[in-house]
1. Order by neighbour count: Arg130, Arg158, fewest other Cβ atoms within 10 Å first, most last.
2. Can you order the peptides 246-253, 132-139 by their average number of other Cβ atoms within 10 Å per residue, highest first?
3. For Val236, what residues show an amide H to amide H distance below 5 Å, using hydrogens built from the backbone and excluding near sequence neighbours?
4. Sum up the charges of everything whose Cβ sits under 10 Å from the Cβ of Asp225, counting Lys and Arg as +1 and Asp and Glu as -1, but leave Asp225 out.
5. Within 12 Å, Cβ to Cβ, of Arg128, how many net charges do the neighbouring residues add up to if Lys/Arg are +1 and Asp/Glu are -1?
6. With 10 angstrom as the radius, rank Phe221, Phe261, Phe199 by how many other C-beta atoms surround their C-beta, starting from the fewest.
7. Give me, ordered by chain and number, the residues 5 or more places off Val156 or on other chains with an amide H under 5 Å from its own placed amide H.
8. For the peptides 59-65, 234-240, what is the packing order when you average, over each peptide's residues, the other Cβ atoms within 10 Å and list the highest mean first?
Amino acid sequence: MGYCKRKKVIFIVLLSAAIFTVTMLKVPYSHFKHLMNNSLVDNLLHEEPCACAERCLAASDDDWFSERFRDDVHPLLSLSNSELSDSIFKWWQTLQSTRSKANYTEVIQKLFSVIPGEDRYRDADSSRCRTCAVVGNSGNLLGSFYGPLIDNHDFVMRMNKAPVEGFEKDVGYKTTHRIMYPESAIHLDSDTHLVLLPFKLLDIQWVTSALSDGSIKRTRFKVIDKLQANKDKAMVLHPAFIYYVRATWLHLRRSYPSTGFLVLMFALHICDEVSVFGFGANGKGTWHHYFEEMPKKFKRTGQHPGGLEHQIISELHQRNLIDLYTGW
Ligand code: C5P
């Protein structure tokens with residue numbers, strides 16, 4: 001039973017007990033209250049984990065979710081949590097090997113001399129209801145008219161080069177966060193949070209450089225050297241978070257999670273309600289981007305080349321932990 005449902009049941013049981021005691025046993029209500037442990041009643045009835053009406057994700061008591069969700073693994077790097085264990089560092093180094101021999105600690109120091117090093121989004125409490133839309137790049141968005149629905153969220157997270165212009169009725173106008181890596185980067189307006197997805201140490205060196213002197217011009221290939229983006233709003237996903245998503249959610253079955261899956265996990269960790277758009281094949285079973293031509297030759301690709309991720313997203317939806325909008 002979900003947290004909110006359980007509270008409703010507790011409330012109904014307590015109310016019925018109070019009515020029964022007061023009317024049938026003719027016990028004054030003040031005595032009934034005294035009989036009950038007041039602090040327990042107050043806790044049960046008044047301490048909401050968040051202010052959303054639908055659900056409060058991190059407080060979910062779904063067993064399947066609790067087995068996987070670890071709220072002690074923070075998604076973003078900060079000055080206070082940047083240490084990496086040797087084993088995670090070694091694994092991370094293998095993802096996309098480069099010749100860089102840079103020192104991790106020095107790279108982090110330099111990063112936080114350019115972007116803020118504070119802890120962000122550790123603000124969950126009973127007065128917060130943060131709703132987030134995670135917008136993937138699937139062609140199933142075309143013709144969906146999801147735009148206003150997407151814009152209705154507090155945070156709208158987009159990824160890589162996905163455009164908004166020209167597709168507003170289906171994908172919305174608003175972007176609060178754009179998650180990208182050097183090779184998929186585009187220029188941003190000053191209101192949007194850049195969230196770097198680092199697959200290698202060089203990616204962190206790149207974001208530091210791209211937001212300052214522009215000295216790094218190549219990673220795996222030629223990349224944007226001077227990025228237009230607000231450096232005070234920039235952040236970096238924690239390599240240990242990427243590892244946790246792979247190990248705990250994907251059972252080490254992929255070498256690393258897809259961008260979309262990581263963004264969904266990021267949202268699960270910093271939002272109270274999450275809606276997911278633009279994931280998976282379109283209604284005809286074709287996998288393409290909403291901003292690209294439909295492949296001329298019809299090719300049925302099924303749900304996703306990364307089927308496990310798709311299964312987990314469906315499971316989250318079926319368990320009423322997220323809302324999944326699959327377009328047409
Ligand atoms: O292709 P790209 O990596 O830029 O897309 C971003 C994310 O959108 C993917 O990682 C994937 O999770 C999601 N996507 C999808 N179905 C598509 C295209 C993209 O689920 N047809």
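Bear in mind that the values in this text are calculations on the coordinates, not laboratory data. Here the structure is a predicted model, which is why all the values come from computation and not from measurement. So basically every Cβ, Gly included, is an ideal-geometry build from the backbone, and we count neighbours across all protein chains shown.
1. Arg130, Arg158
2. Ranked by mean Cβ neighbours within 10 Å, highest first: 132-139, 246-253.
3. Here Leu77, Leu196 satisfy the definition.
4. Result for the neighbourhood of Asp225: +3.
5. My count for the surroundings of Arg128 gives -4.
6. Phe221, Phe199, Phe261
7. Long-range HN contacts for Val156: Ala133, Thr176, His177.
8. For the peptides 59-65, 234-240, the packing ranking is 234-240, 59-65.
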